[in-house]
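Have a look at the structure below before the remarks.
The values are calculated or read from the model by the stated rules, or taken from the named source; none is laboratory data. Since this is a predicted model, take the numbers as computed values, not measurements. With ideal geometry, Cβ positions are generated from the backbone for all residues, glycine too; neighbour counts draw on all protein chains shown.
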Amino acid sequence: MGPLREPGLAHATRPPRLLLSCAMNKAHLEYCASPEWAETVRKHIIPGTTSGLDLGDHLLEIGPGPGLTTDVLATMVPRLTAVELDPDLAAALERRFAGTNVTVHNGDATATPFAAGTFSAAICLTMLHHLPTPADQDRLFAELNRIVRAGGVVIGSDSLDSPEFRSFHDDDICTPIPPETLAERLRAAGFTDIQVETNPFAVNFHARAS
Ligand SMILES: C[S@@+](CC[C@H](N)C(=O)[O-])C[C@H]1O[C@@H](n2cnc3c(N)ncnc32)[C@H](O)[C@@H]1O
């Protein structure tokens, strides 16, 4: 699996002390919309996390941000629904993906309006640390287990904690996942067939909804 670098670590300047209405500071948001991040997503993150896994006919993406992940994922499935908390980012995505196989929902992925078993699979890339607390992350895991069909795969990747990572999230939400806790937390949310692996930059997982 290729390296999964946290957005901006190699390039971060200290972000301005400005908290946007969304869950990302300005520097972070700009990096998540950059050509460099697009290439990392396309070459490393998506192949590294999805390889060998069947995404089915209706993929749910959590926290697409500017949507560089969505651009790639939308080519891999017949239908994709993206849930984005930030209203401005969601509106921009809705405009950009109008008339395609992508539907955008502006809302909180920890409590969605979707019926149980709506999706064939779900994926959350570099977004779990943007949830305010570990309890919110656990609520998201439980919600994904509810809205993905039994046996469908749920995939995630998130950056590992480090001083550099924290500094990039100055004035921003930053709740890194301790990798050693993840398998048990996914089990508690109802998942089976849980696989967790780490590389020098990130923790990756996939598991089956029950
Ligand atoms: C760092 S960005 C990641 C963007 C994209 N996944 C990528 O890897 O390029 C995290 C995104 O998650 C969104 N987010 C945070 N909490 C969320 C929630 N509870 N529900 C849906 N989206 C959320 C943020 O608004 C932000 O757009």
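All conditions but one from (1) charged (D, E, K, R); (2) surrounded by 17 or more Cβ atoms within 10 Å (Cβ to Cβ); (3) near the ligand (Cβ under 9 Å from one of its atoms) apply to Glu143; the one that does not is (3). Do we find that Pro132 is under 15 Å from the mean Cα position of the chain (by Cα) and surrounded by fewer than 16 Cβ atoms within 10 Å (Cβ to Cβ) in this structure? Criteria met by Pro132.
Checking Phe205, Phe168 one by one, the residue that is away from the ligand (no atom under 14 Å from the Cβ) and surrounded by 21 or more Cβ atoms within 10 Å (Cβ to Cβ) is Phe205 and no other. Of everything listed in (1) under 14 Å from the mean Cα position of the chain (by Cα); (2) at pLDDT below 95, the single unmet condition for His28 is (1).
If only residues of the stretch 146-165 that are away from the ligand (no atom under 15 Å from the Cβ) and closer than 17 Å to Tyr31 by Cβ are counted, the one that is modelled with the highest pLDDT is Ser162. Within the stretch 32-86, the residues that satisfy the criterion of being in contact (Cβ under 8 Å) with a residue 60 or more places away in the chain, within 8 Å of the ligand (Cβ to nearest atom) and under 16 Å from Phe119 (Cβ atoms) are Glu61, Ile62, Gly63.
Okay, residues lined up against (1) of a type outside the set (A, V, I, L, M); (2) surrounded by 14 or more Cβ atoms within 10 Å (Cβ to Cβ):
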residue	(1), (2)
His44	yes, yes
Thr50	yes, yes
Asp54	yes, no
Gly65	yes, yes
Leu73	no, yes
Arg79	yes, yes
Gly107	yes, yes
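Any residue at all in the stretch 116-127 that is away from the ligand (no atom under 13 Å from the Cβ), within 20 Å of Phe205 (Cα to Cα) and polar (S, T, N, Q)? There is at least one residue in the stretch 116-127 that is away from the ligand (no atom under 13 Å from the Cβ), within 20 Å of Phe205 (Cα to Cα) and polar (S, T, N, Q). Only residues that are out of contact with any Ser or Thr (no Cβ under 9 Å at 6 or more places or on another chain) and farther than 25 Å from Ser210 by Cβ were counted across the stretch 102-126, and they come to 1.
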